[in-house]
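The structure appears below as structure tokens.
Every number in this text was worked out from the coordinates using simple rules, so none of it is lab data. Values in this document were obtained by computation on a predicted structure and should not be read as measured data. For neighbour counting, all protein chains shown are included, and Cβ atoms are generated from backbone atoms with ideal geometry for every residue, glycine included.
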Amino acid sequence: MRNSQSIKILISLFSILLIGGLFNQASAQDRAVQDTISSSRNWQPMPAELKISTASKQMNLQVPTTQSLTTPVNGFADEFAPANWTFDPDGGDGSVDTGDAPNSISLISSDDQSGTENNSTYCITIPGGNEGVLEFDWNYESDDVDGPQYDPFGYIVNGNTTQLTDDNGADIQSGNVSFSINAGDQFCFLARSTDQQFGRAETQVTNFSFTPPAPTEENIFTTSGTWTAPEDVFEITVEVWGGGGGGSIEAAGNSSKGGGGGGAYSTQTISVIPGNTYNFTVGLGGTPGNAGGDSFFGDGNEVLASGGSSGNQSDGGAGGTATSSIGSVSFSGGTGGNGQTTGNPPPTRAGGGGGGSAFTNSNGGNGVNGAQENGGDGGIGTGNGGEGSVGDQEAQPGQVPGGGGGGGGRNGNSASGADGQIIITFELPAQPDPTQTTITADPDILVADGSSTSNITVQAVDEDGVNITDGGATVTLSATDGTLSPVTDNADGTYSSTFTSSNTPGVVTISGTIDGDTITDTAEIELTPASGTVYYSIQSGDFDNPNAWSFTGHDGDPAGFAPGSSDIIFIGGSNSTDHNISLVQDFTLNEPGELNVVNTGDGAGILSTENFVISGTGEFTLENGSTLEIGSADGISTTASAGNIQTNTRTFGEEANYVYNGQSEQITGDALPTDVNNLTIDNSNNVLANQSYRVNGTLNLLDGAFVIGDGLSLIANNKNVTSGELTYQLEIYGQPGYRMLSSPIAADFDNFLNGVLTQGYTGASLSGDLQPNVLWYEESFEGTDNQRWRAPTSASNQIVPGRGYFVYMFGDVESDNRYNDPLPYLLDVNGLENEGTGGQIDLNVTYTAEADTGWNMVGNPYGAAIDWDHPSWTKTNIDPTIYVWDPNTNQYLTWNGSVGDIDDGILAPFQSFWIKADENPELIVSEDAKTFGGSFSGKATQQENAPLISINARYSRRYQSTAHFSFSESASYGLDESDAYKLLPPPGVSDYLEVYSLTNRNDRLATNHLPRRFGSSITIPFSVNAYKDGFPISDDIELNFSNFENIPEAWEVELVNLQTGQTYNVRESKKVRVDMSHLAEHSDGTRHKTGYEVITRDKDSHIQFELNINPGSDAADLPNSFELKQNYPNPFNPSTRIRFDLPIQSEVKFEIYDMLGRKVATIIDETLSAGSYERVWDASNLSSGVYITRLVTSNGVFTNKMTLIK
């Protein structure tokens, strides 16, 4: 640093010239008229310059130190503390608030109502000896009624103004200012008011700072020598002062002596080469009578300052001149003062003062001439001139650098000039501080793919925390994984390298050294697994827990990362422990990403979704044995953007486990497989089934209800129940009337029929002595059909599992306001499913010969459909046909195991049905008979390709009925087990249509099971009855051949209307109109209504038909007539062959009689199919004679004689 002799003193004066102006004075009226007054305000823009004012207005300015500032000043502190500022209100009432210093100050404009212009300022002289950057934020708010243009805010530098606020802007404004300013410059904040009326503005200044440039190094030389350029220094500033001239050595006569001239000043910026040595010469001060020497650097061609001349006799010597100096800036030294040549007494005459050396920014001051008894003062300069002496005293030498020597008095000696001086100034590169230097990586997350890169930057920082802006340091970098390229010096204080990732995921640390010292800072780069990396769960936890995953297996080490959207993910188990992974936010799974929930055999995966969603183009798989916990209200779906799983590809295992544990009502969703392993319901707000389900493992009912909707089945034979339950629903729609119902739940009548209007028993919907509308049938009662129908006594009576009930649905009866609830109704019964004993429920059927001979109304006791033909049933002495009343067509639907109106013999939940039992019956249903949408393997099916004809009689959609005619090898023309009776409608029905076949005993059959093989035409009678409002229908009806399947091509099938004699070819006429007008004449006026009997024999039908079938060539191998042929041989001994033909199936009795009418043998007593038969009769134990053969068939009796001769 420079010594006290090299201090540069800059003193300048700065003040603010107020530009006054006359404005229209506002009248002294109330502020209520301000708007009118302000409209006449004379606004003046802020002047570009505020000139120096008169002495009376000059500010008291601080004199800056020449000591350079080396560290930034932040806030109004240190050199910029409020004590170093000056506030001038300019005669107004503006103010400055420094109470929040050093953080902020507030400047408030004047509003003294004077109507004159005002410039309130807050000023400082920039301290230090060098330039710096001044920066601050400002926040301005005006309450002037006419806006900010009348109270602007800005700043002043050396008299030049800069306005910061926008005259046309808002009342609240703000901004940031940053600019360079030199030490010694005058800086002011300016709060201006154009008229000091109608409001003022306040501006808060924050984040004030002054940042000096990087520190510099100075070398000051006062003697000649050499200088070597330091390392990394390429440019220097050289300042030179010539030596001062000596005072005059003598003066003529009695005169005193003149002072020497001061040395000149020059400066120049010079390029140097680090490490090179340069000569420099410091001009010596001249001895009395001698000039000062020139000072210069190198050979003097770039910078040189000339020395001052010596005094000459009484004349002062000239200062070194700028014109004779070399440099970018040069100033002359001051001229020495003259010695006194006159004045008495002569011995006291005084010498002149030496000239001052040049300032760095102006010429040096001249020495003062000697005066009587007062030696001349030396001129002021960088080095002051020496003072002249009086009389015989010694003059004072000049001051370094380059001050001229003082002139001697009349008898005194002059002094020497001061030596010159050279100052070499240069900026040393800031030295990096390893504790402040930083290392950064961009980006700091890479894919561990062996090719991804990150830019590593080292920023050199000095000990003051300031970034270094030039290069030259030696920097090394290292990484704990991956590779680094060589470090590049960017010559701006930064050093860079490129990091390339490895294939190993993890965290990489980048460390380094600078100039051999370890940099404290490090950078970390996270190497994330590459797309498609395989992750295995290793413990239960949140999905984004990096310690829950491994790269190597379900028992591997933690990966330290959680899976990404394109990874292959396996949630499984290990060490006999399941891993439960919980989503904590939505997760996107994109190709090639997979999420697999698996059963490893050593533990299974559990994915808990809560209400979060997995979506994207990836693939989700729930494997058998694993578990999915579902929280979405939409459950899981196959393709829709709904539910917890919404990936493009999603697979849900049929032997997986599913848990519904949402916080609001849920649906299962259409993706829940029909067959699942375990199913858990743990939702107090209930779960609604989307379809029928079979739970092959355990149904866990933990909380809430599992709601099985209308038409759906639930097969779950193993249940674990805590606080949950089942709810089964049945929607009853269509026409009012009876429904055949059975409960799948162990419930009472109140629970079972809660959605239906009931009457006729205690606790029913309607009270009073009303006919019950809930009935069940007791076959074993020996009274009348009417007496066999029973009703509950109370709504609290328990439903009998497997019992059928007739329930009448009233609907909306216009004539009775008690029945004003139109269909549909919803049965909603809750509780637990009927279980029975050992997975079986006994339907407790009976056969009572003295009562109704085996007609029992039973029901499906389960919450799933049951297959009537499933082999798990126990059916002892039970006819194979079931009967279900259809109120919408007013007919019974039937199924006999192979044909009928009930699809495949499947009985839905809630369905009851009629069966016919024989003596000692038993009917037990097993849970194995539960099904839906089809039948089990082993079910009895219709014979392949068996012919089937179905005739549907139809008056309207509601009035229709169907009769079926099936043909098989096992059938009979009489009643057989596959025939289905035509049951009468429920009691009280007066609107129905029925079509039925008749046996030879007038049994009414809905399904007539007939022999497949016959050799001659057969005739099948059938009849139609039709009632509307209790009277026969006299309008046309329609016969449709709804089934005409597997009919041999050779069969000729004709329909004959016995009423009209019309014949129809069924192959050609699939639909026949039937005239029923004849019934209008035969009605006796009595309204018909069904009673309580179940079946009846045909008495008198409305119209009769015949179905005639000629087998044609289909019977080519069959006889076409009944015939008993002659035995052969005849006579015979002891045996003979007897042949006979049956064109159709027939009951056959073949017997032998002697001539006395005694039966001697029975050859056949059974039903035989159509065909030709031969029997051998051995008469060895009989005597010779004539015998009679007698063949009894359904077509008559045939006899022949034969002779036995022994």
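Computed 3J(HN,Hα) for segment 565-582, one whole-Hz value per residue from the Karplus formula 6.51 cos²θ - 1.76 cosθ + 1.60 where θ = phi - 60°, is 5, 10, 8, 9, 10, 10, 9, x, x, 7, 6, 6, 10, 6, 9, 9, 9, 10, glycine and proline marked x. Rg then Dmax, both in Å and based on the Cα atoms of segment 781-897: 17.1, 51. With K and R counted +1 and D and E -1, the other residues having a Cβ less than 15 Å from that of VAL368 yield a net charge of -2.
With a Förster radius of 30 Å, plug the Cβ-Cβ distance of ALA83 and ASN361 into 1/(1 + (r/R0)^6) and report the FRET value to the nearest 0.05. The partial results should precede the final answer.
Values: r = 28 Å, r/R0 = 0.95.
Using R0 = 30 Å, I get an efficiency of 0.60.
Please report, in cubic angstrom per residue, the volume enclosed by the convex hull of the alpha-carbon atoms of segment 215-328.
Numbers: hull volume 10.1 nm³, N = 114.
Output value, Cα hull per residue: 88 Å³.
Reported to the nearest whole Å, the Cα centre-to-centre distance from segment 244-317 to segment 394-473 is 29.
Dividing the convex hull volume of the alpha carbon atoms of segment 930-1066 by its residue count gives 164 Å³ per residue.
Sorting the segments 568-575, 662-669, 304-311, 816-823 by their residues' average number of neighbouring beta-carbon atoms within 10 angstrom, most packed first, yields 304-311, 568-575, 662-669, 816-823. 3J(HN,Hα) along segment 408-425: x, x, 3, 10, x, 8, 6, 9, 7, x, 7, 4, x, 7, 10, 10, 9, 10 Hz, from the Karplus curve 6.51 cos²θ - 1.76 cosθ + 1.60 with θ = phi - 60°, whole Hz, x for Gly and Pro.
Which order do peptides 618-624, 251-257, 475-481 fall in by mean Cβ count within 10 Å, highest first? Let's see the in-between values first.
Numbers: 618-624: 20.9, 251-257: 23.4, 475-481: 17.6.
For the peptides 618-624, 251-257, 475-481, the packing ranking is 251-257, 618-624, 475-481.
The eigenvalues of the Cα gyration tensor, multiplied by 5 and square-rooted, give segment 422-547 an equivalent ellipsoid with semi-axes of 38, 14, 10 Å from largest to smallest.
About the Cα centre of the chain, what is the dipole size in debye to 20, counting +1 per Lys and Arg Cβ and -1 per Asp and Glu Cβ, all else neutral?
3520 debye
Taking a straight line from the alpha carbon of LYS257, these aspartates and glutamates sit under 19 Å away, with near neighbours fewer than eight places off in the same chain left out: ASP315, GLU373, ASP377, GLU387, ASP392, GLU394. Computed from Cα atoms alone, the Kirkwood hydrodynamic radius reported for segment 172-275 is 21.1 Å. Size descriptor for the chain, Kirkwood hydrodynamic radius: 44.2 Å (Cα pairs only, one decimal).
Given a Förster distance of 51 Å, report the FRET efficiency between SER1121 and ASP821 from their Cβ-Cβ distance, rounded to the nearest 0.05.
Values: r = 65 Å, r/R0 = 1.27.
The pair SER1121/ASP821 has a calculated efficiency of 0.20.
Only one residue of TRP873, GLY631, SER540 has its Cα farthest out toward the positive end of the dipole of the chain, where Lys and Arg carry +1 and Asp and Glu -1 on Cβ, and that residue is TRP873.
With the convex hull drawn around the C-alpha atoms of segment 217-428, the volume per residue stands at 77 Å³.
Gain in length, ASP602 to ASP171, computed as 0.36 nm per residue apart minus the alpha-carbon separation, to one decimal in nm? Could you put the intermediate results ahead of the total?
Working: separation 431, 0.36 × 431 = 155.16 nm, distance 7.40 nm.
Roughly 147.8 nm would be gained on extension.
Rounded to two decimals, what ratio of Rg to Rh does segment 575-696 give with C-alpha atoms and a Kirkwood Rh? Intermediate results must be reported in sequence, preceding the final value.
Numbers: Rg = 13.3 Å, Rh = 14.1 Å.
Computed over Cα atoms, the ratio is 0.94.
The count of lysine pairs in segment 1007-1141 with alpha-carbon distances below 23 Å, taking only pairs 8 or more places apart or on different chains, stands at 4. Between the amide H of ARG650 and those of PHE620, distances stay under 5 Å, these residues lying 5 or more places away or on another chain, with hydrogens modeled in the peptide plane. Ranked by the mean number of other Cβ atoms within 10 Å of their residues, highest first, the peptides 170-180, 147-157 come out as 147-157, 170-180. Looking at segment 220-323, the chymotrypsin sites (Phe, Trp or Tyr not before Pro) that sit in a DSSP loop and have at most 15 other Cβ atoms within 10 Å of their own Cβ are PHE234.
Can you tell me the length gained on complete extension of the stretch THR1162 to THR793, counting 0.36 nm per residue apart and subtracting the Cα distance? Length difference between fully extended and current span is 126.9 nm.
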